[in-house]
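Remarks on the structure that follows.
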Amino acid sequence: MRDLDWSRGSYLAEFSTADELSEAVRRFLEMGYTRVETFSPMPVDTIVPRTRSRLPVVVFAAGVAGAILSYAVEWYANAFAYVQNIGGRPAHAVPAFLVPALEGAILFAAVAAFAGFFTSARLPKLWHPVFEIPGFEGATVDRYWIAVDGADARTSTNTTEDELRLLKPLRVVLPGPVT
Amino acid sequence: MRTLPSDAVLTERLLAPLWNVPRFWWLLFGLSSMGTLLLIGAVSYTVARGIGVWGNNIPVAWAFAITNFVWWIGIGHAGTFISAFLLLLNQRWRGSINRIAEAMTIFALVNAAMFPVLHLGRPWFFYWLVPYPSTMNVWPNFKSALPWDVAAVTAYFTVSLLFWYLGLVPDFASARDAAPTRLRRIAYGVFAMGWRGSGYQWSRYRIAYMLLAGLATPLVISVHSIVSLDFSITKLPGWHSTIFPPYFVIGAIYSGLAMVIILLIPLRRAFSLADLITEMHFDRLAKLMLVMGLMLLYSYVMESFMSWYSGDQYERYVYLFSRPRGPYAVAYWIMTIFNVGAPQVFWLRRFRTSTVVLFLVSVAVLIGMWLERFIIIVTSLNRDFLTSSWHVFVPTWVDLSILAGSLALFSTLFLLFVRFVPAMAISEMKVLRHELSVSPTVGQAADA
Amino acid sequence: MTSFDDELSRRNFVKLLGASMALAGLDGCSRMPGEKILPYVHQPRELTPGIATHYATAMMLDGFATGLVVESHEGRPTKIEGNPDHPASLGAAGIFEQASLLQLYDSNRASAVRSAHAPTGWEAFSEAFSPRALRNHVGGHGAGLALLLEATSSSVIADMIATLKGLYPEAGIHYYSPLARTEASIPQYDIRAANVILAIESDFLAAGPMQLRMSREFSDRRREPSADMNRLYAIESAVTVTGSSADHRFRCRPSMIQPVLAELYSLLGDASVPAQRAAERSYGGITSSALRVIAADLSRHKGQCLVIAGERQPPSVHALVAAINEQLGNTGRTVWRIRSPLLGAGDGSFSIEALAGRLRDGAVDTLICIGGNPSYNTPGPLQFDGAFRKVRNTAYVGLYENETGQNAKWLVPAAHYLETWGDGRAYDGTLSVVQPLVQPLNGGKSAVEILAAVCGVEKSPLALLRESLGRTGLVGETAWTDAVRRGFVVGAAAPRIQGPTIVVPTAAAPEKTDHIDVTFAADSRTHDGSFANNGWLQELPDPVTKLTWDNAAHLSPATAARLLVGSGDTVLVRTPASSIRLPVLIVAGHADDSVTVHFGYGRRGAERLAAGVGTDVFPMWPATGAFVSSASVDRAVDAGQHTFAITQSHWKMDGREQAKSETLRSYNARQATFKPDDHPPPSLFKGEPPPAAVKQWAMTIDLGLCTGCSACVVACQSENNIPVVGKEDVEKSREMQWLRIDRYQDGTEENPEFIAQPMLCQQCERAPCEYVCPVGATDHSPDGLNEMVYNRCVGTRFCSNNCPYKVRRFNWFDYNAEISETEKMAKNPDVTVRERGVMEKCTFCVQRIREKEISAEVAGTPFLGSSVVTACQQACPTRAITFGSLTEPESEVMRQREGPRAYNVLDELGTRPRVRYLSRIRNANPALDTEQ
């Protein structure tokens, strides 16, 4: 899943270590919650199910495209559009043309990877509801947050809070900011 | 490595240089900007009068500009090597130095990119080397190695920049959230692009970062190989050599590592990062230098041996007479001693971990590597086939000012970097710390 | 670049004025002379814009004429070439003739008549010097009037002088040119008829009024290596072009020349001279044994050999040489004499000493000095300059406001020979016509006009010329027209005369002396200083030393070692006359215990290029005008290192076999078993064969014929608009000449063997420069030319790095921005003027190829490769360069390419050059041949 739908807000809890967070995620998924997300200053290995990324495929395709395009330009320029007798060398010089083709491949692939990441990560997005939570800044410093979507079928106003409190978080925010 | 401070402290310390500027920073910045002004002056003079203000001549039509170009681009390689290569090899210790190395790469490339344009007789037409549909329907000649350079350098610069920036995004977010004033908060907020550190973002981030690392790695190999082709595709004895691509790549990483060390040592002292950039780091870097130095020695020996073995009188003359005994013999021997002799001290752990020795050796290696490029270019040109056209090259004050100025530009950019950008990958440090805290053995695992 | 720095002074202002005046006339042919001038024989009469017209004319140097054909675009002379029919040229042109074009457009030329320091005008001058005005000062018979002219052989000037004599019987008429030959009778040579030639201190192949013809005749006996080949021995102190092209060169101390000849004379068996066969002597190089071999060789070819003595050798030497030739029965066959056509030759009116005396005594009230530069180029002890200033009224007529002009009360700009009508005699007496191509650019006046004004004659120079020529027998319109078209009168060579009776001087036994002989020599580029302001010549590498923008004290390695000096150190040369500090230049092959210095530098006139270049040696020239004197030479310790701008720094081939040379015998051995190899050279590429439909241009250069005289270099510079870069850039090895002459030395430092090799773009079929150019600015044309596209070039200089011959030249600065407006008119409109930052190189004169191609197509005639003549080929006096197309199997170039002497330079690189060299053949005397 990409991101919670914040239409009905979320139940959030703040922890001070990554392990507590992982534990929290595990517990909530066991309880049957599905729409759970984490926020952390560093990548934390959680068991939150993720869709498989298509980025590698995109990058590979871009690389191939880059190579073909570069080579095509060279061939068009030197062997087709404007053929010169250059020191008696063949106009279509395969070994020479391969060199820029390689660089073209890498360039295109890299740009694709970069752009691919930002699009899939829905960035740039300078404002987000979670930023409204006072103290959420910690999420990029030394605080680990779990968020349970208000729209999750399992979520209920009378149980979810207690379930969070059971994990002994530093604090609980509920229901989180509503878009 | 064993005792890392808490995340909070870590963040605070690593972001400190962004909020309060030490006095020595202004001092250094003042100096280097003056040097940069010298560069601007010398460059404007060159463009206004023509490159005749340099010492270049016929036969020595290439000299300082191309030497500087190759040297700077070589230095860049260590950055990519450390951040991409070592990442793929799962060398965790790189975490505390890769950001600096990457920054170095980019600033080195900024310098490098300047010279090929500047050395043209008509620099205002540099874009003729780029394929674009011109009204005259004329195109670059892709049989020449120079359009290859254009492709290689463009790709290299772009990829390095993207890679660097991607790594910075989470740290910009930390900076945003730790920023003391609203203005800075907004500024870093913009660069952070709204990073929230959500699990999903992290998962995608790691994939993208790995991919970019994977793509940057072939660049380390290809870019300097292509640069070396500028020389090896020619007929000139001293240039026309098949050993050049690997030989240049080794030299490149070698000089780059030296530059990393030169930057790390003062930085570590200035921002008291002894616990983050530890002896272990220097030990590793020194070992790498030693290896590179030995590989370079091999290249030197093979080059000369091949010239002798080829039986070609012109080759033999360049390698066995012109270089060791010719007009630039002094430069040749300094190069040999600095590049091959100096790193041998690293056989001893004592020296590998002594910052003083490290610093001195690194400086020697940087000089040696610059001289190596100078020797390759100038001593091959100044005495080629027809003895009648032999002539020496003597640099002018403009040549020297541009070289000095480019060093100043580099340090200016680097000073701005440590002042405005988190100089260490904070999130990576946190990962490292976390792993160590859960299982102290991870540390050794990473070390191994 | 300082040589070009331009400060706006009054003089420059006047110059620019002159320039703009000149430019005003650029349109059409409005600047062509008013009178009808006649194009060269085989040329269309009408003037088509864009199509060059050629006119025959002649240039005087030291009084003798060389016939020329001048190319003119829209009435603007742009190139000077030799006149194929003229006896002194035979189609070739020397460096002075060719470079005189730049002199015509020189922005430093005097441009206004002035009196004292106020510009007046021509009228004022002709008024002040009219008989009416002049008589009051110089007396009725003109006792107070003196005239000083450059050496001349002009009939019209002779007639004007006669008129003047009629007017002022007591006027003193003087002639002076420091290097002119002033005997009453001058020797003529038939080099073709000589099997063995001995040159004594004689540079007959590269200096003197007949050098072009003599080079040609010399080379005609060496085109094919065979028994018929001539053999040249040279005995000389300094290294000359002739000496380095000789089959055997011997060094000799200048003061030993006479003893050497005496021994030779005695060897050739004349009782009247005591024979010293017994004593084995060395004359600072050549030894008795060598002389014996030479003597034997000479006497084997009695009547078919020749001994030539240098023009500037003392009479005693000439007498001995005449005696030797007599002895060998050469007189009348390979050598004879004619009456010198120079005015005043042999009658003492050349004695500048006498004139200086008269000036000092105040015997002269008015001195009119036409041409020359006596304040500079006279022997120092005469103090001519001081005497000249003493004279109440002096007028100087010259191209420049030089040393003399600056001290003269009156200055009148002289007309360049391309601006005026005139005549003169070639060295062999042939009457040559000087035809103007342009009106005087800045109102210059010819000698004739000056004399006419002084005599009060009111006739145009043309009218006066035709009168005088009429008197010489050239009467009638057709005869005149023909003479002007051809540029000379056919078959007008002077009759042979009986030479003076030879008095053989008794051989003075060579005395052992500790002093050093100093030889005063004409400079190969500035001559006597009159060409010092010529950029092409200043930057032309000396044929021997490759020195530019300078002169020096030439010393042998041994003598330099003895004096503890090296090249660049300064020595103090002391002669009885005076002492001068000169930078040392060590020249391998120079004679020991002797120093050679050159005239023509250290100019102090208004010529901006010449100013401050080199050192003036005239002050230490003996008053007698002897060219050899004794001196003491000491190291000047207090002086710093002098930097020379020398275009070549390494003289040995280091066994690289770039310029091949072999003896006739080894050639014969090799040639017997020679098979032309018809296998194509190996290549990775299939590379389809060049299209046979178009021409495939190629060139061969015969190293056996090339003397290194450098005429081709100037021709190329003129034809291809090659800029002059100045001393500092030459020091940095940035000279721009597309065609350079490499010079290699083999053997000992004392007396090496020399070989000259013209090096130009080899037009490689597999050009290394082409594939490295990132923008395709250099590529190959269908007819096999290695093209350079200036406006596509971005200036990476990669092509130069990859050129094994290093023949590419780069515009480091915007050299053409620094030339004057007038100089721009010397540019060839058919060739692009290159911008700063672009590469350039030899194009095989592609503009000439295309011109011929097009005209053939227009005329519908078949286009023959042989019809194209490159600039270098055209100028070459020895015809060492052959050009043509590979598609014409019968062409000369093909014949030579396939011959046994042909080879490619750096063949092993597989560049497949279209230029091939023919190895040099030394017709060595087996008795002397060191190679066995």
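What to note about this one:
- Filtering B:Arg99, B:Arg182 for residues that are touching a helix residue (DSSP H, G or I) at 6+ places or on another chain (Cβ under 8 Å) and either more than 14 Å from chain C (Cβ to nearest Cβ) or modelled with pLDDT under 95 (or both) leaves a single hit, B:Arg99.
- Identity of the residue in the range C:388-421, open to solvent by 10 Å² or more (accessible area, probe 1.4 Å) and of a type in the set (A, V, I, L, M), that ends up nearest to the chain's Cα centre (by Cα): C:Leu399
- Filtered residues of the range C:587-609 (kept if basic (Lys, Arg) and either open to solvent by less than 10 Å² (accessible area, probe 1.4 Å) or not in a strand (DSSP E or B) (or both)): C:Arg604, C:Arg608
- Within the range C:800-826, the set of residues being under 26 Å from C:Trp536 (Cα atoms), at pLDDT 95 or above and in a helix (DSSP H, G or I) comprises C:Ser800 only.
- Of all positions in the range C:639-653, none carries a residue that is outside any loop (DSSP other than H, G, I, E, B), in contact with a Gly (Cβ under 6 Å, 6 or more places away or on another chain), open to solvent by 40 Å² or more (accessible area, probe 1.4 Å) and farther than 25 Å from C:Ile701 by Cβ.
- Each residue in the range C:743-778 was checked for being closer than 15 Å to C:Arg916 by Cα, hydrophobic (A, V, I, L, M, F, W, C) and within 9 Å of chain B (Cβ to nearest Cβ), and 1 of them qualify.
- Check on A:Ala105, more than 7 Å from every other protein chain (Cβ to nearest Cβ), over 15 Å from the mean Cα position of the chain (by Cα), open to solvent by less than 30 Å² (accessible area, probe 1.4 Å) and at pLDDT 95 or above: yes
- Some residue of the range C:811-831 being free of Cβ contacts under 8 Å to residues at least 60 places away in the same chain, within 14 Å of chain B (Cβ to nearest Cβ) and open to solvent by less than 10 Å² (accessible area, probe 1.4 Å): no
- Number of the condition not met by C:Leu164 [criteria: (1) closer than 21 Å to C:Val364 by Cα; (2) part of a strand (DSSP E or B)]: (2)
- Reported count of residues in the range A:32-63, each being open to solvent by 30 Å² or more (accessible area, probe 1.4 Å) and at pLDDT 90 or above, is 6.
- Subset of the range A:66-95 (residues that are at positive phi and either open to solvent by 30 Å² or more (accessible area, probe 1.4 Å) or touching a Pro at 6+ places or on another chain (Cβ under 8 Å) (or both)): A:Gly87
- Residue in the range B:1-17 that is in contact with a helix residue (DSSP H, G or I) (Cβ under 6 Å, 6 or more places away or on another chain) and part of a loop (DSSP other than H, G, I, E, B) present: yes
Residue by residue, here is whether (1) touching a residue at least 40 places away in the same chain (Cβ under 8 Å); (2) surrounded by fewer than 23 Cβ atoms within 10 Å (Cβ to Cβ); (3) within 24 Å of the chain's Cα centre (by Cα) holds:
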| site | (1), (2), (3) |
| --- | --- |
| B:Phe163 | yes, no, yes |
| B:Gln201 | no, no, no |
| B:Arg206 | no, yes, no |
| B:Thr217 | yes, yes, yes |
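- Residue within the range C:321-341 that is over 25 Å from the mean Cα position of the chain (by Cα) and charged (D, E, K, R) present: yes
- Any hit, the range B:378-388, residues being away from every other protein chain (no Cβ under 14 Å), of a type in the set (Asp, Glu) and surrounded by 23 or more Cβ atoms within 10 Å (Cβ to Cβ): no
- Considering (1) more than 23 Å from C:Glu840 (Cβ to Cβ); (2) in contact with a strand residue (DSSP E or B) (Cβ under 7 Å, 6 or more places away or on another chain); (3) within 14 Å of chain B (Cβ to nearest Cβ), the lone condition that C:His650 does not fulfil carries the number (2).
- Residues of the range A:123-179 satisfying the condition of being surrounded by fewer than 16 Cβ atoms within 10 Å (Cβ to Cβ), part of a loop (DSSP other than H, G, I, E, B) and modelled with pLDDT of 85 or more: A:Pro124, A:Lys125, A:Leu126, A:Trp127, A:Pro134, A:Gly135, A:Leu166, A:Lys168, A:Leu170
- Restricting the range C:732-785 to residues that are over 31 Å from the mean Cα position of the chain (by Cα) and polar (S, T, N, Q) leaves a set whose member that is surrounded by the fewest Cβ atoms within 10 Å (Cβ to Cβ) is C:Ser781.
- On the stretch given as the range B:102-125, residues that are open to solvent by 30 Å² or more (accessible area, probe 1.4 Å) and at the interface with chain C (Cβ under 7 Å from one of its Cβ atoms) total 1.
- Yes/no for C:Arg221 being open to solvent by 10 Å² or more (accessible area, probe 1.4 Å), touching a residue at least 60 places away in the same chain (Cβ under 8 Å) and of a type outside the set (Gly, Ala, Ser): no
- Qualifying positions in the range C:869-895 - in a helix (DSSP H, G or I), open to solvent by 20 Å² or more (accessible area, probe 1.4 Å) and closer than 24 Å to C:Met214 by Cα: C:Gln873, C:Gln874, C:Glu892
The values are calculated or read from the model by the stated rules, or taken from the named source; none is laboratory data. The structure displayed is predicted, hence computed values, not measured ones. Here Cβ is always computed from backbone atoms with ideal geometry, including for glycine, and neighbour counts include all displayed protein chains. We work out accessible area using only protein heavy atoms, side chains counted, and drop any ligands, DNA or RNA first. Shrake-Rupley method; radii C 1.70, N 1.55, O 1.52, S 1.80 Å.
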